[in-house]
1. Kyte-Doolittle cut-off 1.0, length cut-off 27 Å along the helix's own axis using Cα: show which whole DSSP H helices in chain B pass.
2. For B:GLU152, B:GLU203, which order do you get if you count the other beta carbons within 10 Å of each Cβ and list the fewest first?
3. Evaluate the distance, in nm, between pseudo-label points positioned 7 Å from the Cα of A:VAL49 and of B:PHE98 along their respective Cα→Cβ axes.
4. Using a basic spin-label model with each label point 7 Å from the Cα along Cα→Cβ, how many nm lie between A:MET233 and B:LEU27?
5. Once the dipole of the protein assembly as shown is set up with Lys and Arg at +1 and Asp and Glu at -1 on Cβ about the Cα centre, which of B:LEU201, A:VAL55, B:ILE241 lies farthest towards its positive end?
6. Which value in nm describes the separation of the simple spin-label points at B:TYR172 and B:GLU62, placed 7 Å from the Cα toward the beta carbon?
7. Pairwise over distinct Cα atoms, reciprocal of the mean inverse distance: report the Kirkwood radius of the stretch B:14-139 in Å, one decimal place.
8. Among the lysines, select those whose C-alpha is under 29 Å from the C-alpha of B:LYS112, and discard any that sit fewer than 8 residues away in the same chain.
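Every number in this text was worked out from the coordinates using simple rules, so none of it is lab data. Every value quoted in this text rests on a predicted model; they were computed, and no experiment measured them. No Cβ is skipped: glycine too gets one built from the backbone with ideal geometry, and neighbour counts run over all protein chains shown.
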Amino acid sequence: MSRLSPAVTRTIIIVCVLIVCEIVTDYSSASRIIVAPPSEIFWQVLKIVTATSNVPHFYPNAWITIQEVLGAFAVTAIVGIGLGFAFASSKLIGDAFEPILLVLYAIPMVILFPLFVLILGIGMAPKIVFGITVGIFVVVFNTSAAVRQIDPNFTRLARSLGYGRVMTFFKVILPATAPTILAGLRLGFGYTVIGVMAAELLVVTKGLGSLIDWASFNYFTPQLYALIIITLMIGVTGNSFFSVLERRWVK
Amino acid sequence: MNAVILAPHVHLRLTRVIQIGFVAAVLLIWHLAATLGWVDNLFLATPLATARVFISTAILSEPHLAATLSSFIVALFMGVLAAMVVGFLVNLSRYSYFVFMPILVLGVAIPKVTLLPLFVLWFGIEKTTIIIFGALSAFFPMIVNVSAASQEVKPAQITLARAMGYSRIQTYRKVIFPAMLPVLTSGLFYACNAALVGVFLVELFLARSGMGAFIRDLATTFRTPELYAAIILVSLVSVVINMSLWFLARHFSSWRT
């Protein structure tokens, strides 16, 4: 087989695109305010990470964003899984709340953000709460779907083997639901990051969103690209963390 | 697990009671929070005050709603069309699927909100930015579903169609397209949701017209009852759009189970 492996082809394509970008930005009349050559963006990323660029207070701001994301995700995970189990445990409650959840999910939450700011102020609170409202639905849906698709024979078998409620939960229900719940958590993390970043860009106070706003306001274009790449890394890192966890669990 | 089995009509009635009770409780808490001063009245209007200004706000927001809906429809159409074309090309061979799919998956995973300042830099604060960002938001959920849909088509089905003397076009019309349709319509539901979010986000962020801009102006000028009324109006419109697509998706996948 003389064909290149897909990964090699992919890398070649990406490198070619980067080289074309580099040449176009260097030798065309495109304004340096709008585009920046990839090599310069790469150096900016390094400079920002080593705190030698002109971006002010990178690490304190990044830490604020990470705190917001982790705080929002912790609540999303705990409350979302709890609600998912609650909705799945009783058919009555599940049937009653399914349409309500579906309607709430159909509302684009971003339009509610001005309300959150009015009621909660412009600190970290509205961003965290907004991250939760964006992220929690998929966790609830996946958890209750996971619990519902457990084969009832499993729990019946556990009963007849003399397992108590707690034992049944940890030995039967949890392993059976884990893969679907994990998939929900991965998606939920992505949505939480989207929520927090949207909130940071809409109300600029602190965090990576404020740095991105600073760079675009002052037309520090390479810094802007670099900061955006760094921010995207947070989402990608979380996503790949859950992918690894999922793969291990499914095995 | 120790479920009490209820008669179906009792079950249905209890479900309705719980739903009405939930909505009533939300309204009551909202009312109490506004009247007992848990939240300042400058920031929270009572449900009654909101209801009173609802009609007048709806009339006032009509041009904004029209602007939002027109951007949304163009954005959704562009995003879905682009996803169909790219999805079709990527899925032409297994090799191109393995080459490009990780890039597209990465595109799904990254929080695209962060790219918004770049779009403003490239396209200005015009309607173009709203439409392109909305289209991008719709593109990624759709392309995942286009790929999933093309995995739905089993090679054996195509072989069978060939064996029965179907032409290429007939195979597409009678075998491939019907097999893809359920997944495609559910992709359309997610794309529609994402496009709405994208359009509203850009409008809140920078636009001068559209519902997002209208709501932002109401919030910054503390016209609180009108703000709540406008948000409820937008939510109603979005729910109608999204739910009709949800029922469409369910309609097209009903024959499968």
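1. Membrane-span-like by this criterion, though nothing is claimed about a membrane: B:8-35, B:62-90, B:127-152, B:177-205, B:224-253.
2. With the sparsest Cβ surroundings first, the list reads B:GLU152, B:GLU203.
3. So the label points at A:VAL49 and B:PHE98 sit 3.0 nm apart.
4. Distance between label points: 5.2 nm.
5. Of B:LEU201, A:VAL55, B:ILE241, it is B:ILE241.
6. Placing both labels 7 Å along Cα→Cβ, they lie 4.4 nm apart.
7. 19.1 Å
8. B:LYS112 reaches A:LYS47, A:LYS127, A:LYS206, B:LYS127.
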